[in-house]
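Have a look at the structure below, then the notes.
The values are calculated or read from the model by the stated rules, or taken from the named source; none is laboratory data. Note that this is a predicted model, so its numbers are computed, not measured. Because the Cβ atoms are built from the backbone with ideal geometry, glycine has one as well, and the counts that use them run over all protein chains shown. Ligands, DNA and RNA are excluded from the accessible area calculation, which covers all protein heavy atoms including side chains. Shrake-Rupley method; radii C 1.70, N 1.55, O 1.52, S 1.80 Å.
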Amino acid sequence: QVQLVESGGGLVQPGGSLRLSCAASGFTFSSYVLAWYRQTPGKQRELVAGITSGSNTNYADSVKGRFTISRDNAKNTVYLQMNSLKPEDTAVYYCNAARGAIVVPTLRGYWGQGTQVTVAS
C-alpha cells in the first residue's frame, strides 16, 4: 500500500524557518520524481519545488533562494527546508511522487494528505 505522510508544518513568524518531511512507503522511492506543492483556498495547487531521481532540482520563482528540496533514498523521505518565510507562503503543502525524468507540474502519481503552514505574527 502506497503512503506519503507529511509532517513539520505549523505556525511560524515572518522571517522564520520550517522543515517539512514526507515519509514514503509502498513504491520504489528512489526512481520517482518527488515534489512539494501548495494550495490556498480558491486557488489551484502550485508546484513549489521538485527533485528528480538524479537529484536535479527545480523551484518556483517565488521560493528560489529561500526553499531547498532534498531527498534521502535510504530513508524514503523527501524534505523541504523553508527559510525567510513570508505570509504569502501560508498554504497547505502536499508531497507528490510521480514517474518521470524531469520535474513538471502534474496531477498524476501519489499524494500525501497535506500539512498546514501558517506564516503570521
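Whether any residue in the range 70-81 is in a loop (DSSP other than H, G, I, E, B), touching a residue at least 60 places away in the same chain (Cβ under 8 Å) and more than 15 Å from residue 4 (Cα to Cα) is what I want to check. Lay out the reasoning, then the answer.
Going through the range 70-81, the residues in a loop (DSSP other than H, G, I, E, B) turn out to be 73-76.
Adding the requirement that they be touching a residue at least 60 places away in the same chain (Cβ under 8 Å) leaves none.
Checked the range 70-81: no residue is in a loop (DSSP other than H, G, I, E, B), touching a residue at least 60 places away in the same chain (Cβ under 8 Å) and more than 15 Å from residue 4 (Cα to Cα).
In the range 84-98, what residues are surrounded by 15 or more Cβ atoms within 10 Å (Cβ to Cβ), in contact (Cβ under 8 Å) with a residue 60 or more places away in the chain and not in a strand (DSSP E or B)?
Correct list: 85 only.
Using the structure shown, decide if residue 120 is at pLDDT 95 or above, farther than 19 Å from residue 4 by Cα and under 12 Å from the mean Cα position of the chain (by Cα). Before the answer, list the steps.
On the way: at pLDDT 95 or above: yes; farther than 19 Å from residue 4 by Cα: yes; under 12 Å from the mean Cα position of the chain (by Cα): no.
Criteria not met by residue 120.
Among the numbered conditions (1) part of a loop (DSSP other than H, G, I, E, B); (2) within 16 Å of residue 110 (Cα to Cα), tell me where residue 54 comes up short.
(2)
Scan the range 99-110 for residues that are surrounded by fewer than 18 Cβ atoms within 10 Å (Cβ to Cβ) and among the hydrophobic types (A, V, I, L, M, F, W, C) and jot them down.
Within the range 99-110, 101, 102, 104, 107 meet the criteria.
Pairs under 7 Å by beta carbon, first residue without any contact (Cβ under 8 Å) to a residue 12 or more places away in the chain in the range 44-68, partner buried (at least 16 other Cβ atoms within 10 Å of the Cβ) and outside any loop (DSSP other than H, G, I, E, B), six or more apart or different chains?
Sorted first by the residue in the range 44-68, then by its partner, the pairs are 59/49; 59/67.
Of all the residues that make up the range 47-59, how many are surrounded by 12 or more Cβ atoms within 10 Å (Cβ to Cβ) and farther than 20 Å from residue 15 by Cα?
Looking only at that region, the number is 8.
Can you tell me which residue is farthest from residue 39 (Cα to Cα) among those in the range 99-121 that are part of a strand (DSSP E or B) and of a type in the set (Ser, Thr, Tyr)?
So in the range 99-121, the residues part of a strand (DSSP E or B) come out as 110-111, 115-119.
Still in the list and also of a type in the set (Ser, Thr, Tyr): 110, 115, 118.
Values: 110: 16, 115: 10, 118: 12 Å.
Across the range 99-121, the extreme among qualifying residues is 110.
Based on this model, can you work out whether residue 115 counts as of a type in the set (Val, Ile, Thr), surrounded by 13 or more Cβ atoms within 10 Å (Cβ to Cβ) and closer than 23 Å to residue 10 by Cβ?
On the way: of a type in the set (Val, Ile, Thr): yes; surrounded by 13 or more Cβ atoms within 10 Å (Cβ to Cβ): yes; closer than 23 Å to residue 10 by Cβ: yes.
In short, yes.
Just for the range 74-83: of the residues that are open to solvent by 40 Å² or more (accessible area, probe 1.4 Å) and in contact with a strand residue (DSSP E or B) (Cβ under 9 Å, 6 or more places away or on another chain), which one is farthest from residue 47 (Cα to Cα)?
From the range 74-83, those open to solvent by 40 Å² or more (accessible area, probe 1.4 Å) are 74-76, 81, 83; that's our starting set.
Applying the additional criterion that residues be in contact with a strand residue (DSSP E or B) (Cβ under 9 Å, 6 or more places away or on another chain) yields 75-76, 81, 83.
Working: 75: 23, 76: 21, 81: 15, 83: 17 Å.
That would be 75.
Of the residues in the range 60-73, how many are in contact with a strand residue (DSSP E or B) (Cβ under 8 Å, 6 or more places away or on another chain) and either within 15 Å of residue 21 (Cα to Cα) or surrounded by 17 or more Cβ atoms within 10 Å (Cβ to Cβ) (or both)?
Summing the residues that are in contact with a strand residue (DSSP E or B) (Cβ under 8 Å, 6 or more places away or on another chain) and either within 15 Å of residue 21 (Cα to Cα) or surrounded by 17 or more Cβ atoms within 10 Å (Cβ to Cβ) (or both) in the range 60-73 gives 7.
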